[in-house]
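Structure, as structure tokens:
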Amino acid sequence: MTHNEATKLADLIEQMKRMLPAAYTAGAGQDADMQQIRAFVRERLQPNPKLAVTTADIWRVYAEDMDQRVDVMLPQNRFLRLLPAAMFADFGVRKSHRVQTISGAARGFLGVCFRTG
């Protein structure tokens, strides 16, 4: 590989890192936290193109679940920072500011809903 090709490859890698959600490029210290969030997402949410869920509702359900389990609950700011990467990884959805609620638009995810039953 020539120096020019190596430089181009390094530039492409940097561009990809900027395009991916921050949690994919974060250090290994977040791996356990990400696994916990992804397990919660897979267990409690499901794809549904006609529905949406707010990040506030996801946090509320997560906090209620952790109160009933022996798992260590993540701080809210860390959970909400890693959640978009988990939602993208499992459902291919990105965080939106257009989730409609009674009080107007909120942050959340379009195309997913909570599992029933």
Using only the alpha-carbon atoms of the stretch 49-117 as identical scatterers, what base-10 log of I(q)/I(0) does the Debye formula give at q = 0.12, 0.17, 0.19, 0.25 Å⁻¹? -0.32, -0.65, -0.80, -1.22
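Rank HIS3, HIS97 by accessible area, highest first, at a 1.4 Å probe radius? Please report the intermediate quantities before stating the final value.
Numbers: HIS3 155, HIS97 115 Å².
Final ranking, largest accessible area leading: HIS3, HIS97.
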Once neighbouring chains are kept in place and the probe is 1.4 Å, which whole percent of the accessible area of the stretch 53-104 is contributed by carbon and sulfur? 50
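Ignoring ligands, DNA and RNA, how do MET73, MET66 rank by accessible area with a 1.4 Å probe, largest first?
Details: MET73 80, MET66 10 Å².
Result, largest first: MET73, MET66.
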Taking 1 over the mean of 1/r across every pair of different Cα atoms in the chain, what Kirkwood radius in Å do you get? 15.8
Rounded to the nearest 5, the percent of antiparallel DSSP beta bridges in the chain equals 100
Considering the chain as a Gaussian network with a 10 Å cut-off on Cα pairs, which listed residue, GLU64, GLU14, GLU43, attains the greatest mean-square fluctuation? GLU14
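The values are calculated or read from the model by the stated rules, or taken from the named source; none is laboratory data. In this text, all values refer to a predicted model and were calculated from it rather than measured experimentally. Side chains included, ligands, DNA and RNA excluded: accessible areas come from the protein's heavy atoms. Shrake-Rupley method; radii C 1.70, N 1.55, O 1.52, S 1.80 Å.
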